[in-house]
Amino acid sequence: MDMYLLPAAMRELPPPWHDLTYRRSQALEELEPTEERRGQARHVLRVCLPERRQSVHDWDEELRDFYDDRDDHTLDEADALLTRIMPTTSQVTRQRVAQVVGVWADMGIPTVSAPPTEQQIERVAAEWATSVRQTLAHDAFDFIERATTAGSLNDAEAEDVAILAAAFVRVGLAVEAAVRVLVSLGRPRGEQALLDLVRDDEVRGFRPYVRSRLLGLRRSQYEVRAWEGARDEEPLLPEGLRDLPHSWQNDFDWSATAPDAEGLARARSALEASLIVERAPGIGQSYGDAPVDWGAIAEVVRALMPYPRLVTRERMNEAWHECESLGFDLRGTDAVSFAGVWCARIADRVTAAVFRWLADLPHTEGATGDEEPAALSTTAYWAAALAERSVRQGRAAEEAIWFLHRTDEVPDSREALLRLASDSSLPATTRKAAQQWTS
């Protein structure tokens with residue numbers, strides 16, 4: 001007697017849900033999401049939800065590359081055999097899987113021996129059953145999302161969908177489709193479900209994706225806060241940084257700033273102010289046993305404080321609380337040290353942007369490619385000292401050294417490069433970066 005791989009409730013699904021071919025998705029696209037059909041889609045989700053976490057193994061990358069180099073599409077044909085031999089949920093059996101695996105062996109699929117072993121058949125059977133659950137759930141979530149977007153779900157349905165979507169994320173099936181439904185539910189129901197998920201250890205490797213979608217949902221709140229003035233708030237950055245008109249949008253990009261007296265004075269003021277900002281202990285390093293994901297946290301900080309003038313104690317506290325609520329592992333970083341890290345990171349980014357701009361200032365009209373840009377040559381006399389100090393502080397060292405190289409016909413820049421290249425107290429990588437331009 002053959003052994004079914006799916007529970008009875010999945011084997012008895014009505015059309016088009018029982019169809020495992022491409023025709024199912026086509027049929028669902030043509031159906032209106034009526035109340036009855038929405039209920040049917042939620043039933044599909046309930047019967048497809050496994051009791052424990054699942055793993056769906058796609059063809060591994062090496063195998064896919066192997067077959068992509070061939071012209072006969074063998075791998076696609078092998079994959080298509082599963083639905084050709086088992087076109088409906090009621091036909092998903094171990095015997096039919098064994099039949100498919102036998103054909104794979106004849107086709108020369110490297111992961112299958114000839115004849116196939118029992119272990120190979122069992123593995124394919126388990127993964128195919130999981131894959132069926134995933135594809136059905138994916139289509140069910142897509143069907144419900146259409147209804148959600150159209151505003152046709154009632155409160156009871158929305159609550160049920162939120163619970164089901166969160167459950168699928170926790171077991172690792174149809175995660176993207178489930179999260180999309182939660183986003184479409186919006187606030188407060190979908191948002192709360194996403195918040196619960198990012199704090200849940202069961203979510204594991206899916207947490208960054210869930211968090212990214214949650215951030216998208218909360219971004220409008222950040223934008224409202226960013227529009228509020230910081231009149232009665234405590235500024236955390238020196239005046240030379242607070243005066244900058246540049247935002248995080250392009251990482252404090254100076255490309256549109258004219259190389260005139262005003263622009264150069266602002267650049268000098270920004271560099272001097274950045275050097276005042278203390279280097280935060282552990283910046284760019286780990287807190288505890290694993291690194292803090294400062295790169296991901298930047299999305300929260302830049303949204304609440306898009307300009308340096310908005311970097312205040314109050315908003316840093318808000319950002320810290322927000323990151324905690326979003327499930328970021330801050331490794332014991334409190335609000336004060338969080339603010340210190342971000343002030344230092346902002347100063348680093350501004351410094352890097354200024355030196356990139358200074359190093360790329362245009363040549364004067366009529367200059368040849370072998371001549372030093374006049375604006376650079378003039379600027380180098382005061383910027384060389386600031387560049388050397390920045391390197392010694394470990395602040396935008398790569399960009400500062402590049403600037404010194406671009407102006408190395410100016411004695412001050414050349415001498416600064418030589419000092420940095422020979423200073424044994426500096427990190428080896430810093431010395432090497434300077435040495436490549438002094439040899």
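Ranked by the mean number of other Cβ atoms within 10 Å per residue, highest first, peptides 390-400, 27-37 order as 390-400, 27-37.
Rolling a 1.4 Å probe across the protein heavy atoms gives the chain an accessible surface of 50 Å² per residue.
Between the labelled values (i) 29.6, 89; (ii) 20.9, 67; (iii) 31.5, 95, the entry that holds Rg and Dmax of the Cα atoms in Å as derived from this structure is (i).
Peptide packing: for 213-226, 329-342, the average count of neighbouring Cβ atoms within 10 Å per residue gives the ranking 329-342, 213-226, highest mean first. Positive end of the dipole of the stretch 89-197 (Cβ unit charges, origin at the Cα centre): among ALA114, SER152, ILE163, the Cα lying farthest that way belongs to ALA114. When a 1.4 Å probe is rolled over the protein heavy atoms, the share of accessible surface on the chain that falls to carbon and sulfur comes to 48 percent. The phi-based Karplus calculation (6.51 cos²θ - 1.76 cosθ + 1.60; θ = phi - 60°) puts the 3J(HN,Hα) values of the stretch 141-156 at 5, 4, 5, 5, 4, 4, 5, 5, 4, 7, x, 9, 7, 8, 4, 5 Hz, whole numbers, x for Gly and Pro.
A simple charge model with +1 on the Cβ of Lys and Arg, -1 on the Cβ of Asp and Glu and nothing else charged puts the dipole of the stretch 185-240 at about 440 debye relative to its Cα centre.
Each helix, a run of at least 4 DSSP H residues, gives -39500 (n - 2.57); summed and divided by the residues of the chain, these come to -19500 deg cm²/dmol at 222 nm.
Accessible-area rank, largest first, for ARG84, ARG46: ARG84, ARG46, with all protein chains present and a 1.4 angstrom probe.
Can you compute the charge dipole magnitude of the chain about its Cα centre, using +1 on each Lys and Arg Cβ and -1 on each Asp and Glu Cβ, nothing else charged? Give it in debye, rounded to the nearest 20.
Once rounded to the nearest 20, the dipole reads 1000 debye.
Simple point charges give the picture: +1 on the Cβ of Lys and Arg, -1 on the Cβ of Asp and Glu, and for the stretch 235-283 a dipole about the Cα centre of about 120 debye. Which residues' amide hydrogens lie under 5 Å from the amide hydrogen of HIS18, considering only partners 5 or more residues apart or on another chain, with H built in the peptide plane? So HIS18 has HN proximity to no qualifying residue.
The values are calculated or read from the model by the stated rules, or taken from the named source; none is laboratory data. What you see is a predicted model, and the numbers here were worked out from it, not measured in a lab. We place every Cβ from the backbone using ideal geometry, glycine too, and count neighbours over all the protein chains shown. These accessible areas exclude ligands, DNA and RNA; they are computed on the full protein's heavy atoms, side chains included. Shrake-Rupley method; radii C 1.70, N 1.55, O 1.52, S 1.80 Å.
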